[in-house]
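A short worksheet on the structure shown next.
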Amino acid sequence: MCRRLSEGSTSLLCLWGSGELVISIEFSKNVQGRVLLLTICAAGIGGTFQFGYNLSIINAPTMHIQEFTNETWRARTGRPLPDHQVLLVWSLIVALYPLGGLFGALLAGPLAITLGRKKSLLVNNAFVVAAAILFGFSRKAGSFEMLMLGRLLVGVSAGVSMSVQPMYLGESAPKELRGAVAMTSAVFTALGIVTGQVVGLRKRQIWDFKGECVLVTPEERGEGRA
């Protein structure tokens, strides 16, 4: 059995029979640095980046979602949904995200203790995958309720990641880098918000209920010069 002589040491104390043997090993700091960087990126992109992105991206497709809600209701009942009820449905779609975040934050503690930090983040991806499937098939199914459920699941994922990711990164990083690594959660949140705003730009909207990437130019919107 071998163990390090002290924290941060490159020497191992190995017990061999009745004696002790000290072995000096040079750990590659370059390899450790790359692994740590990949860990930060993987946890950040799958964690708090999703929180920031879904927080800001909902502003861009406001009119699309309201039109989709109205069309769905008309197909079901034969009459359009009143404007105030369309606004109510839209408000619920937006509000279910922070509500899911509350549930996710409450779930994060027991989940981290039961499964551990890493497995909790891996299991948390199931919420995002389920939400993506609901979003992708909502138009084909003609159901705005799928959007509501998807927003709720994305919120749960955001609540779990915001709580578990800093713990995981803090425990994975070396002692001298622990503070800086833990702060990357906020950095990826900001990157997610910026990405959502860029994707939702009025003249370059890359969003569609069909799951397609659509480039909308000013001319297509009727904004071209006369």
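A few notes on this one:
- Residue tally, condition under 14 Å from the mean Cα position of the chain (by Cα) and either under 23 Å from ALA131 (Cα atoms) or surrounded by 23 or more Cβ atoms within 10 Å (Cβ to Cβ) (or both), over region 155-170: 11
- PHE137 vs. criteria free of Cβ contacts under 8 Å to residues at least 12 places away in the same chain and aromatic (Phe, Trp, Tyr): yes
- Every pair of residues 6+ apart whose Cβ atoms lie under 6 Å, when the first sits in region 31-46 and is closer than 21 Å to MET162 by Cβ while the second is of a type in the set (Phe, Trp, Tyr) and surrounded by 13 or more Cβ atoms within 10 Å (Cβ to Cβ): GLY44/PHE188
Results for (1) among the polar types (S, T, N, Q); (2) loosely packed, with under 14 Cβ neighbours inside 10 Å, shown as yes or no for each residue.
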position	(1), (2)
THR69	yes, no
GLY78	no, yes
GLY100	no, no
PRO110	no, yes
LEU134	no, no
LEU147	no, no
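- Residue match in region 74-85 (condition: hydrophobic (A, V, I, L, M, F, W, C), modelled with pLDDT under 90 and touching a Phe, Trp or Tyr at 6+ places or on another chain (Cβ under 9 Å)): yes
- The set of residues in region 80-91 that are hydrophobic (A, V, I, L, M, F, W, C) and surrounded by fewer than 17 Cβ atoms within 10 Å (Cβ to Cβ) comprises LEU87, LEU88.
- Filter result for GLN50 (more than 15 Å from the chain's Cα centre (by Cα) and either closer than 18 Å to MET148 by Cα or not polar (S, T, N, Q) (or both)): no
- Considering region 114-201, the qualifying helices (runs of 4 or more DSSP H), each wholly inside and each with 2 or more residues that are modelled with pLDDT of 90 or more, run over 117-141, 145-172, 184-199.
- Within region 112-130, the only residue that satisfies the criterion of being among the hydroxyl-bearing types (Ser, Thr, Tyr) and either surrounded by fewer than 14 Cβ atoms within 10 Å (Cβ to Cβ) or at positive phi (or both) is THR114.
- Residue count for region 152-182, restricted to those that are among the acidic types (Asp, Glu) and either closer than 21 Å to LEU55 by Cα or out of contact with any helix residue (DSSP H, G or I) (no Cβ under 9 Å at 6 or more places or on another chain) (or both): 1.
The values are calculated or read from the model by the stated rules, or taken from the named source; none is laboratory data. Everything numeric in this text was worked out from a predicted model, so none of it was measured. All Cβ positions, even for glycine, are placed from backbone atoms using ideal geometry, and neighbour counts span all protein chains on display.
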